[in-house]
Amino acid sequence: MVCRLSTKLLNICISCFCKSRQLEKAETVLIDGIRLGVLPNVVTYNTLVDAYCRFVGIDEAYAVLHRMREAGIRPDVITYNSLIAGASRHSLLSRSLDLFEEMLQMGIPPDLWSYNTLMHCFFKVGKPDEANKVFQDIFMSSLSPCPTTFNTMINGLCKNGYMSNALMLFRHLRSRGFDPQAITYNILINGLCKAGRLGAARWILKELGESGQVPNAITYTTVMKCCFRSRRLEQGLEIFSEMKSKGYAFDAFAYCTTIGALVKMGRMEEANDFMVQMVRNGINLDIVSYNTLVNLHCKEGKFEAAYELLEEIEKGGLECDEYTHTILIDALCKAGNFEGAWRHIDYMNMMGLDSNLVAFNCMIDGLCKAGQIDYAMKVFESMVLKDSFTYSSLVHNLCKARRFLTASKLVLSCLKSGTKILRSAQNAVLNGLRNSGFTRQVKKLRRKNQQARILHF
């Protein structure tokens, strides 16, 4: 009795250190326990295996098995489930399959969680057919699937683009007596929203309410965000109102999603009202929330208020990210205040935010739209880093200014270096050259485009 109690205490201590990621201390406790005559059991080593899988690596976790065997302790299904889960977490499919096979060779029968984890790994690496075979193997093994099994299958089908199959499986399971929980509905709603099937998502939301399950804030926020992305603002606001009427506690994400959508639609007064509500309700603002508010002030031309928010962010212990500064720079450029935009870029450099590619892209686009093409070209030439948007934006604006030969040279430099440029930008150059009578340049550009496709295929 004393030994069992001591081993249990040993396991509790090791588990506590593992959960706090203090694996060295966990190992020290194990060594001290053995010295005191307290022998570890399979639970002790399983705790270490799981911790090494989560916080260190699969190889280090697998090394624990050798220590188990040296101690005369046989690994069990929980040991291998932890290892398979660790391999799956890093999308190591072949390693997961090897561990599954090793478990079988040792005569350890897989349990439901072994199959669930392997099925998830297949989905994660984009092999839904193999995942479906594992799903069928569960029934062949006379195991009883649990809600996690069905949720894993439905979620995997959704994420791999088999939305209709996920819905069919959901309907089939319901007809066979499966009582889905809110998480199952959330998985389906999220998948439908990402697939752009807003109508079906709202239908599932309605079905969730009729099922006796209670939709949570995540459910509503997912549908609301989809409505805004689809430019169905009124439907999104209806979802927000429904959340409010049902007494859900709004988080910063729900408010910022709504405010951001209203700003994009130019409905500044309503956006301000939601901002006031958010602050009045005492919601703790994160950097994403502040970015939304900075964007709102900038859209209204209230730059002083935006700068005050920057000070508030710093005083609150948060750090402005690159997106925060880029919002302000883009707004200054659109307002024609390029001097102010340059000062803020210098401020970013002073703060150590060297990755200001997006800020420079905003500067180039703003200068072009203000008719200062030559100035934009100088900024372009001074940039060390350039991306597809840099080239595409400048090419489009050069075409608008009817400077097709300069735009053509930029496109050729992209093709030569393998930099991707929007097809619309290339077409704008070709059409401009053709209409301006530069037939030789059109042929050259097409030839180089074909060569680039072959070279970078």
Seminar exercise, completed: Heavy-atom accessible area of residue 203, protein chains in place, probe 1.4 angstrom, given in Å² to nearest 10, is 150
For this session: Would you calculate, for the chain, the mean residue ellipticity at 222 nm contributed by helices, counting each DSSP H stretch of 4 or more residues as -39,500 (n - 2.57) and dividing by all residues, to the nearest 500?
Result: -24000 deg cm²/dmol
Problem set entry | Estimated distance in nm for a label pair at residue 343 and residue 31, the labels positioned 7 Å out from Cα along Cα-to-Cβ | 6.1
Exercise. Say a paramagnetic label sat at a point 7 Å from the Cα of residue 77, along Cα to Cβ; which residues of the stretch 112-132 have their backbone N under 14 Å from it?
Worked result: 112-118
For this session: Could you please state how large a percent of the accessible area of the stretch 343-457 is carbon and sulfur, counting protein chains only and using a 1.4 Å probe?
Result: 54
For this session: Take the Cα atoms of the stretch 265-340, find their three principal axes, and give me the spread along each one in whole Å, biggest first.
Result: 37, 30, 17
Exercise. What base-10 log of the normalised intensity I(q)/I(0) is obtained for the stretch 233-279 from the Debye formula, alpha carbons as equal point scatterers, at q = 0.23, 0.24, 0.26, 0.30 Å⁻¹?
Worked result: -0.81, -0.88, -1.02, -1.26
Exercise. In whole Å, how far is the Cα centre of the stretch 66-96 from that of the stretch 390-417?
Worked result: 55
Exercise. Round to a whole number: what % of the accessible area of the stretch 86-224 belongs to carbon and sulfur, probe 1.4 Å?
Worked result: 54
Problem set entry | Calculated SAXS-style log₁₀ I(q)/I(0) at q = 0.12 Å⁻¹ - the chain, Debye, Cα scatterers | -1.20
Exercise. To the nearest 0.05, what FRET efficiency results for residue 322 and residue 279 with a Förster distance of 22 Å applied to their C-beta separation?
Worked result: 0.35
For this session: Report the label-to-label distance for residue 265 and residue 89 in nanometres (one decimal), using points 7 Å from each Cα along the Cα→Cβ vector.
Result: 4.3
For this session: Loop only per DSSP, at most 13 neighbouring Cβ atoms within 10 Å: give me the trypsin sites (Lys or Arg not before Pro) in the stretch 173-271, ordered by residue number.
Result: 176, 231, 246
For this session: Calculate, for the stretch 249-391, the solvent-accessible area per residue in square angstrom, rolling a 1.4 angstrom probe over the heavy atoms of the protein chains.
Result: 52
Problem set entry | Computed log₁₀ I(q)/I(0) - Debye formula, equal Cα scatterers, no solvent, the stretch 1-132, q 0.10, 0.12, 0.14 Å⁻¹ | -0.34, -0.48, -0.63
Seminar exercise, completed: With 0.36 nm assigned to each residue of separation and the Cα-Cα distance removed, residue 24 to residue 413 gains 134.6 nm
For this session: Give, as ranges by residue number, the residues of the stretch 172-200 whose backbone N falls under 19 Å from the point 7 Å along Cα→Cβ of residue 148.
Result: 179-188
Exercise. Pulled fully out, how much extra length does the chain show between residue 182 and residue 369, if you take 0.36 nm times their separation in residues and subtract their Cα-Cα distance?
Worked result: 62.4 nm
For this session: Note the full-extension length gain between residue 41 and residue 106 as 0.36 nm times their separation in residues minus their Cα-Cα distance, in nm to one decimal.
Result: 21.5 nm
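The values are calculated or read from the model by the stated rules, or taken from the named source; none is laboratory data. Computed from a prediction, not measured in an experiment: that's the story for all the values here. Neighbour counts are summed over all protein chains in view; Cβ atoms, including those assigned to glycine, are modelled from backbone coordinates with ideal geometry. Just so you know, the surface numbers come from the protein's heavy atoms only, side chains and all, with ligands and any DNA or RNA stripped out. Shrake-Rupley method; radii C 1.70, N 1.55, O 1.52, S 1.80 Å.
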